[in-house]
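These notes are about the structure you will find just below.
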Amino acid sequence: MENFKSKLTRIKAFIFDVDGVLTDGSVTLMPDGEQVRVMNIKDGYALQLAVKKGYKVAIISGGKSEMVRKRLNGLGIFDVYLGCHTKIDTYKEFIETYLIHPEEILYMGDDIPDYEVMKQIGVPTCPADSAPEIKEICLYISDKKGGKGAVRDVLEQVMRVQNNWFDKEGFVW
């Protein structure tokens, strides 16, 4: 059986959920009704680097926050699908658009709405504080919690295996 690290050599695309993955799942309710989320800056660094290195990065979320879209667009991520009730349909649209094979995708999700897609892709992963049903189907469970570096964890592992993580000669932020 092929191990986790060897599967990372084939990864060309990443798909992430937002709440519980890019955030810790908390929302602050503002008087105007806006739901404010907090994202990890180290996750953000790794996301923008992945985009610069040529990986396809998509976000598929049931949430509808335009602030989330703005943050991710600022990192160079434009495949941001918000308000997704059926994530599998959005996933299919994404892979058809970019002609990506399921085994070339690492998906990080944390809860039941992610389950169906995670069963389809090559490398299902999750944060440490994910639902038990999600942990059961993952090839890798980060030791980091959602919103606390789990995204950077998997991005860094893939980019290190593929020699794309750190270039001492051409480091540019």
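The values are calculated or read from the model by the stated rules, or taken from the named source; none is laboratory data. Note that the structure is a prediction, hence the values are computed from the model and not measured. Neighbour counts are summed over all protein chains in view; Cβ atoms, including those assigned to glycine, are modelled from backbone coordinates with ideal geometry.
Annotation note: Cβ proximity below 7 Å between a residue of segment 44-66 that is closer than 20 Å to residue 25 by Cβ and a residue that is hydroxyl-bearing (Ser, Thr, Tyr) and buried (at least 20 other Cβ atoms within 10 Å of the Cβ) (sequence gap 6+ or interchain) occurs for 60/90; 60/91. Reported count of residues in segment 37-67, each being in a helix (DSSP H, G or I) and either buried (at least 19 other Cβ atoms within 10 Å of the Cβ) or hydrophobic (A, V, I, L, M, F, W, C) (or both), is 8. Only one of the listed residues (118, 108) is buried (at least 21 other Cβ atoms within 10 Å of the Cβ), touching a helix residue (DSSP H, G or I) at 6+ places or on another chain (Cβ under 7 Å) and within 12 Å of residue 13 (Cα to Cα). That residue is 108.
Screening the candidates 141, 112 for the property of being in contact with a Lys or Arg (Cβ under 9 Å, 6 or more places away or on another chain) and without any contact (Cβ under 8 Å) to a residue 24 or more places away in the chain yields one hit, 141.
Scanning segment 21-41 for residues that are more than 13 Å from the chain's Cα centre (by Cα) and within 21 Å of residue 124 (Cα to Cα), we see that the one that is modelled with the highest pLDDT is 24. Across segment 1-36, the number of residues qualifying as touching a helix residue (DSSP H, G or I) at 6+ places or on another chain (Cβ under 8 Å), over 15 Å from residue 142 (Cβ atoms) and either part of a strand (DSSP E or B) or without any contact (Cβ under 8 Å) to a residue 40 or more places away in the chain (or both) comes to 4. Screening residue 82 against (1) surrounded by fewer than 17 Cβ atoms within 10 Å (Cβ to Cβ); (2) under 17 Å from residue 15 (Cβ atoms); (3) of a type outside the set (D, E, K, R) leaves a single unmet condition, (1). For residue 65, indicate whether it is of a type in the set (S, T, N, Q), at pLDDT 95 or above, over 25 Å from residue 164 (Cα atoms) and in contact with an Asp or Glu (Cβ under 9 Å, 6 or more places away or on another chain). Answer is no for this residue. Checked against the criterion of being touching a strand residue (DSSP E or B) at 6+ places or on another chain (Cβ under 6 Å), among the hydrophobic types (A, V, I, L, M, F, W, C), part of a loop (DSSP other than H, G, I, E, B) and modelled with pLDDT of 95 or more, the candidates 134, 100 yield just one match: 100. Where residues in segment 121-133 are over 10 Å from residue 146 (Cα atoms) and in contact (Cβ under 8 Å) with a residue 60 or more places away in the chain, which of them is surrounded by the fewest Cβ atoms within 10 Å (Cβ to Cβ)? Looking at residues that are over 10 Å from residue 146 (Cα atoms) and in contact (Cβ under 8 Å) with a residue 60 or more places away in the chain, I get 122.
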